[in-house]
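Notes follow once the structure below has been shown.
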Amino acid sequence: MEETKEKIKNTNQSKQLPKDAQVIISILRDLGLESFEPRVINQLLEFTYRYVTTILEDAKVYANHSKKKGIDLEDVKLASTMLLDKSFTGPPPREVLFEVAKQKNTQPLPTIKPHSGIRLPPDRHCLLAANFKLRAATSQAPTKKLVRSALEGSTIKTKLVSSSSSSPNINIGIKKTSTTLGQTTNKTSSVSIPKPTFKVSKPVNKPLPTVSNEGDVIKMDIDQEGSIIKRKRSEDDFDHLS
Amino acid sequence: MANKNDILAVLQVLKKYNLKGTENLLRQEANLTDIPENFTHDASDSVLQAYQSEGDPNSYESCYIELRKFVDSALDIYKYELSMILYPVFVHMYIELVYNNHEEQAKALMEKFGEEQEYYYQDDLKRLAMITKRDQMSGNDLTDTFKSNEFIIRISRDTLSLLKRHLQEKKASVVMNIINEHLYFDLYEGMARNKKQCDATAGALLGEARRQDNKVKVYYGLLKEPDYQQMTTTQAPPPEEDDDEVQDGDKPKKKKQKKDPLFSKKSKTDPNAPASDRIPLPQLRDNDKSEKIKALREAQKRVNLGPDSLPSVCYYTLLNSLYSVTCAEISEDSSLVAIGFSDATIKIWPLTPAKLRELKSAEQLKDIDRDVDDVLVRMMDDRKAETSRIFTGHSGPVYRCSFTFDRSLLLSCSEDSTIRLWSLQTWTCLVVYKGHLNPVWDVRFSPHGHYFVSCSHDKTARVWATDSHQPLRIFTGHLSDVDCCVFHPNSNYVATGSSDRTVRLWDVLSGNHVRLMTGHKASIFSLAFSMCGRYLASGGSDKVINLWDLAHGHLVATLEGHTSTIHTLCFSRDGTILATGALDCNLKLWDFSKLCEDLSGENVNVSHNPDVRSGENYLLRTFPTKQSPFIALHFTRRNLLYGVGMFESS
C-alpha cells in the first residue's frame, strides 16, 4: 500500500519535472539506483550542463583554429578527449605502477639511526619552520606613504623586513611564500608606520620573530595575494606622496 | 606451442592471398593436416588485437548455450569446477563482440545470460553492460583488467582433460580461442572440488589464486620481546633469567623482585618468527621501555576472557554527527579517542579524566631540570589544558587516524590524497606526506612505531617511515582500489584488502606479495591479525568474516551472521575472542580460542585445502545497539571492549 502511494507520488512528481531531470532519473535507474535525494538530480544536471558547455566551447575554438564555419564531429571528438585527459584522470595503469614499484622496492630499507626526538623528514618537507623569508634591508627607496586605513582594510600578507643586524635572533624560514598572481613586489615602498598591523596567515610554531623597533626602519613589502580586484583596490588606495 | 601459432598465422596469410599450392605444402611439412580449413587464429601479439576474431557474431550465443549444456550434463563430481569457466567465457565473449562492433549481439548476449551468473559477479556485469561500443572500451578500468590479465581457475587434472576432450570433439573454435587466450588453468592433483569448496574461493575479480602465489614462506610468528630488566636495574649487576634471588641490595631490590616474574619468561625461539633484524626496527628508548613495562603490568591485571566470561562493552555514541563523522580511533592504552570528520577536521578527546596539555614554549622548557624523573610531566603546560583539541589542515574528509604506541604522534589520511602527521604534545601538524594521487582510504602505524602503511584509490599501498618524505615500499598488484591495510604484529608483513575482492599479504622487506587470498564476494573493509600472528580475519560488504591461515593462505572459516557491511574487527588481548561490529548496529562476539583448537588438529600442506568451517558453532553473543552502527572497536589492555559509533536518529 505504501509502496504504491510512493510510486504514484513519484510519477506525479516526474510529470512536473522538466525533461532533462527525467533523463537524469532514468540514467540513475539504469545504474540501479532507485532512491536518492532530490538535490542529486540538480547537481547532476549542473554537472552535465557545465561539461557539455565546456566541450562545445572548446570545439568552437578548434573549429575556428582550422578555419571551419561550423563545429564538426571531429572538433567535438577532439574537445572531449582533451577534457578527458585534463579532468577525468584515473589511477595510473598497472604497468606503470609495476615499474615504479620495482624501482622503489629494490632499494633496501634504510637503517634507523638512534635518535631521541621524533624522527622527521628533512626540514624542507616538514611544517615546522616559518614559511616566510626575511630580506636584508636595502637602501632607502622612493617613499610612498601608505594610508593606515588601506592596510587595515585589505587582508594583505606582509613581509617583515628588518636590517641585517637584528637578523640572528629571527628564524629564517626556508620556504618562500605561496605563489601570487604576478608578483608585485618590485614596488618596494619603505614606510614608516608607528604600529604596523599585520596579519600573518599561517600559524607559526616556534616563537614569533621579534620585531625590533629601536630605530630600525621597518620596510614593508606588500605582497598581494588573491584576486586582481584586490590588487587594484590597494593600488588605488595608495596616497602617492613626494 | 608458440611455433605452431606462428605457422598457423602464416597459413592464414596464404589463405588470404589464395596461394593454395604453398598452403598445402606448408601444411604437409608442418604436419598440420588435421587442422580444419577455416580455423581462425589470433596471429598478432598486441593484446587488444587478441579480440579480433573472425567468428560469426551470431554463433556466440549458440556456442555459449552449447557450453552450458555440456557443463550441466557433466558428472556431479566435475560439474561445479566446470561451471566456473562459464563466467569468464561469457565476459570475454561479450567483450569480443563489443570490440568487433557487434553491438546488437553483445546486448542480446548480456540480456540472455547476464542474470544466470553468480550473484557476486552481478555488480561487475552491470558495469560491463554499460560498455556497448568499442570507443568506450579504451581506458575503461574493467575491460582493461579483463583484457590484460588472465582469469585464473584452479582445476583438477581430470576435469581439465574432460573439458579439453569435449572442446576438441566439438571443435568449438570461438570458445577454444577464448579459453586459450584469456583463461589460465592452475592444475592440481586430486579430486575435483565440490560446490562448497568452489564457492569458498570464488568471487575475486580475476578468479582464484594460483598455487605459486601462495608458495613463499611467511614468517607469521611474533618477534622476541627485548629484555626490559636492564632498564630498571641500573645499579645492580644484570640479573640472570628465571632468577628470583635478591642480588646485592640497594634500592632496586624490591622492584626487581616484583618484576622478575613478569620478565622471567624466556620466550622460546619460534621457528615461524622472523629474525629481529629482518627489517630495521627502531631501538627502544627509555621512554618506550617504560611505556612497555606499564603495558605489561596492566596486562597482568587483565580479565581472562572465554566462552564463560564474556567481555563487558562500553559503547561511546557520537550524537548529532551522522553524516559528518568518517572515522574513529582509540589509542593503544585507551586514553585518547580521535574522530575524523567529513569537514576535514580531527577532534581528540581524552577518555580519562586527565585533560590534554600542551608542550611548554621554548623559553619555559629551558628552565626545567632534565634529570628529574617526571620531566615528561613537567614539560607540559598545565595552564593550557583543554578538554578537547581540534586539528585542522586537511582539505578533504578524513578517512582514518592512527596513534603511535606512546601517544605522541597521530597520523591521519584524507580524500585530498595526503597523509598528515600531528604532534600530540604541541598539537600542531608536523609533516604532510604527499605521494598518493587519489584519496587515501586507510593509514596504520606499525606496532613497533616508525613505519606506517597507507592505501589508496590508486590501487597501491605504500609503506613510509616517519622520517621519509617518500614511500619506502610500494605494493602494487591489486586490480582495484585498496580499501584497508594493517601491519602484522611482527611488523614484517602488511595485509591489504581491496575492492577487487582479494586480500593480499605483502612482505615489507622485499615489496612482493606473498599471499593472495580470494573468497570474499564483495569489497573488503576491515582486517585484523590474531594475537598469535598466524590468522587473519577480514570482513566487508558481503557481510561475512573470513578467517585465513597465513601458513599457506587457506580459508579456514567463514563467520556469517551479520546483516550488513562489517566495518570493524578486533581481537581480544589474549586472543580468545573476536569482536565484530557492522552497520546493522550489532556487535558479535566469536569464540576464537575454540576455533584455534579445532584448527590445530588438522595438518595442512600447500595443496590440500582444509574444510571451511562455518561460524555457527563459534558465535557467542550478539549485542545490538538501538540505532548506532559500529565504526570502531577496541579492546583495552585489561580486556574491556570499547565501541564507538554514531547515533542514527532517523
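The values are calculated or read from the model by the stated rules, or taken from the named source; none is laboratory data. Model, not experiment: these values are computed from the prediction. Note that each Cβ is placed from the backbone with ideal geometry, even for glycine, and that neighbours are counted across all protein chains shown. Protein only, heavy atoms only, side chains kept; ligands, DNA and RNA dropped before computing areas. Shrake-Rupley method; radii C 1.70, N 1.55, O 1.52, S 1.80 Å.
Assorted remarks:
- Restricting region B:472-501 to residues that are of a type outside the set (A, V, I, L, M, F, W, C) and open to solvent by 10 Å² or more (accessible area, probe 1.4 Å), the residue that is farthest from B:Ile419 (Cα to Cα): B:Arg501
- Here region B:279-314 is the region considered, the condition is being of a type in the set (A, V, I, L, M) and away from every other protein chain (no Cβ under 13 Å), and the residue that is surrounded by the most Cβ atoms within 10 Å (Cβ to Cβ) is B:Leu305.
- Here B:Leu322 meets each of (1) under 28 Å from the mean Cα position of the chain (by Cα); (2) in a strand (DSSP E or B) with one exception, condition (2).
- Listing of helices (runs of 4 or more DSSP H) fully contained in region A:9-95 that carry 3 or more residues being within 14 Å of chain B (Cβ to nearest Cβ): A:19-30, A:73-87
- Pick from region B:269-278, criterion in contact (Cβ under 8 Å) with a residue 12 or more places away in the chain and under 19 Å from A:Thr111 (Cα atoms), ranking: surrounded by the most Cβ atoms within 10 Å (Cβ to Cβ): B:Pro274
- Index of the failed condition, A:His115 passing every other in (1) within 12 Å of chain B (Cβ to nearest Cβ); (2) at pLDDT 80 or above; (3) open to solvent by 70 Å² or more (accessible area, probe 1.4 Å); (4) part of a loop (DSSP other than H, G, I, E, B): (2)
- Of note, B:Cys455 satisfies the criterion of being out of contact with any Leu (no Cβ under 7 Å at 6 or more places or on another chain), over 20 Å from B:Asp343 (Cβ atoms) and more than 8 Å from every other protein chain (Cβ to nearest Cβ).
- Residue check, B:Tyr80 in contact with a helix residue (DSSP H, G or I) (Cβ under 6 Å, 6 or more places away or on another chain) and at pLDDT below 75: no
- Residues in region B:287-341 that are among the hydroxyl-bearing types (Ser, Thr, Tyr) and over 24 Å from B:Val443 (Cα atoms): 3 in all.
- Looking across region B:413-461, just one residue is in contact with a Gly (Cβ under 6 Å, 6 or more places away or on another chain), open to solvent by less than 30 Å² (accessible area, probe 1.4 Å) and not hydrophobic (A, V, I, L, M, F, W, C), and that is B:Ser414.
- Verdict on B:Thr426 being within 11 Å of chain A (Cβ to nearest Cβ) and under 21 Å from A:Lys104 (Cα atoms): no
- Selection within region B:68-81 - touching a His at 6+ places or on another chain (Cβ under 9 Å) and in a helix (DSSP H, G or I): B:Phe70
- Residue in region B:123-164 that is farthest from the other protein chains (Cβ to nearest Cβ), counting only those that are farther than 30 Å from A:Thr81 by Cα and free of Cβ contacts under 8 Å to residues at least 40 places away in the same chain: B:Ser161
- Comparison of B:Glu291, B:Glu363 shows that the only residue that is out of contact with any helix residue (DSSP H, G or I) (no Cβ under 9 Å at 6 or more places or on another chain), outside the structural domain of B:Arg400 (by TED's automatic domain parsing) and closer than 22 Å to B:Thr404 by Cα is B:Glu291.
- Scan of region B:187-219 for residues that are within 16 Å of B:Asn512 (Cα to Cα) and not charged (D, E, K, R), ordered by number: B:Ala209, B:Gln212, B:Asn214, B:Val216, B:Val218, B:Tyr219
- Residue that is surrounded by the most Cβ atoms within 10 Å (Cβ to Cβ) [pool: residues in region B:342-372 that are under 21 Å from B:Ser331 (Cβ atoms) and among the aliphatic types (A, V, I, L, M)]: B:Ile346
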